[in-house]
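K.L.:
Quick one: the structure is below, and I'll ask about it shortly.
The values are calculated or read from the model by the stated rules, or taken from the named source; none is laboratory data. On a predicted model such as this, the values are computed, not experimentally measured, just so you know. Reconstructed Cβ throughout: ideal geometry from the backbone, glycine too, with neighbour counts over all protein chains shown.
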């Protein structure tokens, strides 16, 4: 059994007037009492087992603080009823944690249905449980869990330097790019779209698909649960340096909050720290196993599914391969049969090189630099996703620095031209007279759209919907916008998104074809650009140069309607009964 110290801290930050973060952790081993934002102890709490919940609300005027409070309250009730007496069964714990997160999601959606003005609110969440020497953690969104290994000796006597390990993986657009090798973790941290997440609790249209990790804990380990207000301000190295220089958990918590504020404090900052003060010694670091799987829907045992071998008969070589050893040695006749193929093999590359050179000549009418400028023009680049733009710009910089060849750059240009839908069927537009280039581009886009039809237009309509949501996220999180302005911009974008969704049939395919699809896309794109331009002009007119304007916030109760406070809303949802413990597995199986 482990012995634990735990402490929590939260701060509104330097640029926000409202704290939309929420946290809670059990104050006893039965989780009958909880420390919350309003009742955080000044000193560490000593425990044998622990339950931690942390949430980062979103939505601003749409009541993000209510979403995070509802999620946290729902999980507290669930921990106390369905998890306090759970047995030592990894499978059961993970299933119950997932069930708890989905119930929290449902509570937010239900509240949105009762209060339409709160539509758009949501929250990230992390729910962690420490028992039987292990950490079980599940999350949705981009709030994080780290583990700090202090300098120590493992069971073999070998000394290891301190190390900060990121246990969770962000559900965000930029972290997907990190996993694909397109960004480093530090580049993702400072990226323009670092705040765009791919899932959360409370999204009416999209049910969350939480991830989990299970890992053993050892004496000296320190866990950090935090919202992006901390890791968005501090790099992993800066966080590790603070762990190294502050041994006391209370001092460490305060130092992390202070450092994030000194770095800008652009968001609310919330964290929970847990130290293993007594437990088993650490084995070889490479032996520490972190089980990481996506929790999928379905009724069968998740752990058993992961342990089962792949079903199916073993594959044996085809009969004709087994017969090779029985063939007689062919002697000279075999060489006679082979030499024409050898000759063809030698001549084919020469033929292909000549053909490539012949087809390449017309392309010289349009230089690589002209094609780069063409792709980077606003009317063409709008057909590329943010990820594609970023990757293309990176390749251009590498080409200008001489780090990649002309052939590689030409291949990249042709690929992104195809993604933007500006190629004709021959794969090049080098023969287009300069005076007709713009008109020809439209013709080629229609040709390609006709060839690829539905997949092509699906991509463009989905990209436009994604751009609308990114702009909505930026407007919701803009502290310089007043509530009235936010509502006007968001209303226009919500109407636009409905128009985009109406362009798909019941199977998810764009209803229109060819020219009609292009005209509809252009109409919707024009509306999107108009809202985006109005937002940009508003910011230029209202913003004070060099200073972010923070408009006065209405009282929480004024935004909630019917005079309710956050605590009133949470109390209403606490009246809802939790499902019986015995029915948890069964309800999961029936989904």
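K.L.:
Being at pLDDT 75 or above, touching a helix residue (DSSP H, G or I) at 6+ places or on another chain (Cβ under 7 Å) and outside the structural domain of residue 266 (by TED's automatic domain parsing), is that true of even one residue in the range 535-547?
P.N.:
Checked against the condition, which is being at pLDDT 75 or above, touching a helix residue (DSSP H, G or I) at 6+ places or on another chain (Cβ under 7 Å) and outside the structural domain of residue 266 (by TED's automatic domain parsing), the range 535-547 yields at least one hit.
K.L.:
Could you grab me the full set of residues in the range 20-51 that are assigned to a strand (DSSP E or B) and more than 27 Å from residue 473 (Cβ to Cβ)?
P.N.:
Passing the criteria: 25, 26, 34, 35, 36, 45, 46, 47, 50, 51.
K.L.:
Quick test of your reading of the structure: residue 487 fulfils all but one of (1) surrounded by fewer than 18 Cβ atoms within 10 Å (Cβ to Cβ); (2) without any contact (Cβ under 8 Å) to a residue 60 or more places away in the chain. Name the failing condition by number.
P.N.:
(2) is the only condition that residue 487 fails.
K.L.:
Could you tell me which numbered condition residue 80 fails, if it satisfies all but one of (1) surrounded by fewer than 22 Cβ atoms within 10 Å (Cβ to Cβ); (2) part of a helix (DSSP H, G or I); (3) at pLDDT 90 or above; (4) in contact with a strand residue (DSSP E or B) (Cβ under 9 Å, 6 or more places away or on another chain)?
P.N.:
All conditions are met except number (3).
K.L.:
Another question about this same structure. Restricting to the range 110-134, and then to whatever is farther than 18 Å from residue 170 by Cα and under 21 Å from the mean Cα position of the chain (by Cα), can you tell me which residue is surrounded by the most Cβ atoms within 10 Å (Cβ to Cβ)?
P.N.:
121
K.L.:
Yes or no: residue 165 in a loop (DSSP other than H, G, I, E, B) and on the phi < 0 side of the Ramachandran plot?
P.N.:
The answer is no for residue 165.
K.L.:
In addition: When you scan the range 135-147, do you find a residue that is within 25 Å of the chain's Cα centre (by Cα) and without any contact (Cβ under 8 Å) to a residue 40 or more places away in the chain, even just one?
P.N.:
No: zero hits.
Residues are listed down the side, and each one gets a yes or a no for (1) under 30 Å from residue 283 (Cβ atoms); (2) within 16 Å of the chain's Cα centre (by Cα):
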| site | (1), (2) |
| --- | --- |
| 188 | no, yes |
| 192 | no, yes |
| 197 | no, yes |
| 202 | no, yes |
| 205 | no, no |
| 212 | yes, yes |
| 217 | yes, no |
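K.L.:
Do you know which residues across the range 150-201 are more than 28 Å from residue 71 (Cβ to Cβ) and crowded, with 20+ Cβ neighbours inside 10 Å?
P.N.:
183
K.L.:
Please state which of the following conditions residue 113 fails to meet, knowing it meets all the rest: (1) touching a helix residue (DSSP H, G or I) at 6+ places or on another chain (Cβ under 8 Å); (2) closer than 24 Å to residue 208 by Cα.
P.N.:
For residue 113, the exception is condition (1).
K.L.:
Going residue by residue through the range 306-314, is there one that turns out to be modelled with pLDDT under 80, outside the structural domain of residue 209 (by TED's automatic domain parsing) and either surrounded by 11 or more Cβ atoms within 10 Å (Cβ to Cβ) or at positive phi (or both)?
P.N.:
yes
K.L.:
Give the range 172-203 a look and list any residue that's in a helix (DSSP H, G or I) and touching a strand residue (DSSP E or B) at 6+ places or on another chain (Cβ under 6 Å), or say none.
P.N.:
Once the filter is applied, which keeps residues that are in a helix (DSSP H, G or I) and touching a strand residue (DSSP E or B) at 6+ places or on another chain (Cβ under 6 Å), the range 172-203 yields nothing.
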